[in-house]
1. About the Cα centre of the chain, what is the dipole size in debye to 20, counting +1 per Lys and Arg Cβ and -1 per Asp and Glu Cβ, all else neutral?
2. Using +1 at the C-beta of Lys and Arg and -1 at the C-beta of Asp and Glu, which of Leu332, Asn245, Phe319 has the Cα lying farthest in the positive direction of the dipole of the stretch 242-386?
3. If I model a spin label as a point 7 Å beyond the Cα along the Cα-Cβ vector, how far apart are those points for Gln275 and Ala113 in nm?
4. Give the calculated FRET efficiency between Arg58 and Cys385 to the nearest 0.05, with a Förster radius of 45 Å applied to their Cβ-Cβ distance.
5. Give a residue-ordered list of calculated ³J(HN,Hα) values for the stretch 196-201 (Karplus: 6.51 cos²θ - 1.76 cosθ + 1.60, θ = phi - 60°; whole Hz; x for Gly, Pro).
6. Kindly provide the Kirkwood hydrodynamic radius of the stretch 204-304 in Å, to one decimal, from all pairs of distinct alpha carbon atoms.
7. Provide the gained length on full extension for the span Asp188 to Arg303, in nm with one decimal, where the gain is 0.36 nm per separating residue minus the Cα-Cα distance.
8. Excluding same-chain pairs closer than 8 in sequence, count the lysine pairs in the chain whose Cα atoms lie under 15 Å apart.
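Here, each number is a calculation from the coordinates, and none is a lab measurement. None of these values were measured; they are calculated from a predicted model. As a convention, Cβ positions derive from the backbone with ideal geometry for all residues, glycine included, and neighbour counts pool all protein chains shown.
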Amino acid sequence: METVGSTKVNHFTGNDRAQPLWLLAELSYACPLQCPYCSNPLDFADHSNELTTEDWLRVFREARAMGATQLGFSGGEPLLRRDLEVLITEARKLGYYTNLITSAMGMDEERVAAFQAAQLDHIQISFQASSEGLNNQLAGANVFQHKLAMARAVKKHGYPMVLCFVIHRYNIDQMEQILELAIELQADYVELATTQYYGWAWHNRDSLLPTREQLTRAEILAHQYQARMKGKMKIYYVVPDYYENRPKACMNGWGNIFLTIAPDGTALPCHAARQLPGLSLPNVKDHSIEWIWRESPDFNLFRGQGWMKEPCRSCPDRFKDFGGCRCQAYLLTGDPRNTDPVCSLSPHHQIVADAIATANRQAPSAASETRPWVFRNPQNSKKFCA
Ligand code: SF4
Ligand code: FES
């Protein structure tokens, strides 16, 4: 068992033993915020046909019967589902460890108490920045004060609290203030979640990538605070993979432990898989979770090592990192079977090196001026669908 962020996961490399241990229920793509680093699909407005309460409960039962133990409620903004308390109650009765991943928009103290009554295990609140101005600018709404109040309410109700900050060029220089804010709010865990470049974040990548100098400063600070807060607050900080020489073991391997269900019932081996070409993507309205997990062509597509090209095919690290991320390989090279170009052994590694070089040529504050953020909102989504 290993810890990824605040999540405990098992490592399985043999598909015969694979189980959907971690179920992510993306309850709704609706969201009052407009973060330009969101990993939701660009065309999310096209997938508004949400599952019913009964559909979700069937998904939870079937996944649990297959061995799922962790259930994350996410979105969009999961609090916009008025049946969230019912879903949590039933999930807990089924024996899931439940985690609410939220911006806190749609939360009030009464609802926090209702989650407690429903026996929700864990609440993760995301902030855009440590300062009100930047937080609200990135969120596209005046939300900072409400987030602070809800973080305090969560703590007051005795929850182990996780604060999540998605880190990029515009807030990475606030690292010290971010960690001080986490201390003030008495967070138990802080995830300094490096932006992953999928969906809207992919579209905004060139304005969000930090410089190497920014990263170095942030890393030193994160390590100082990790030492200072040892035993009181856990701080998770991961260097962005663009700056690494080896890729992340994305999803702990395709179809290995993670199962994401999108709001419209589409089953995904990872939250970004919609963008891959040639997938039919099964829907829980048409198939059982067991069929989707074991039989569907899409969940089997990148299992094991048979699909790999060189250099992964003969690389000893292929059992450890699974060749990196299929979605990143596709976005950067046009072929999801290629080695993730983050890997320095990839023949396409120069693509990542060029992106970093561009990021480092611009002053930290300049990128959004040369390439303004595209905010995640229904109007922009419809433009992408058109
Ligand atoms: Fe991992 Fe493939 Fe790079 Fe080897 S060549 S380290 S398996 S990504
Ligand atoms: Fe899709 Fe990595 S995000 S495989």
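1. Result for the chain is approximately 500 debye, rounded to the nearest 20.
2. So the residue furthest toward the plus end is Leu332.
3. 4.3 nm
4. The formula returns an efficiency of 0.95 here.
5. 9, 8, 10, x, 5, 5
6. With all distinct Cα pairs of the stretch 204-304 included, I get 16.7 Å.
7. The Asp188-Arg303 span can extend by a further 37.9 nm.
8. 5
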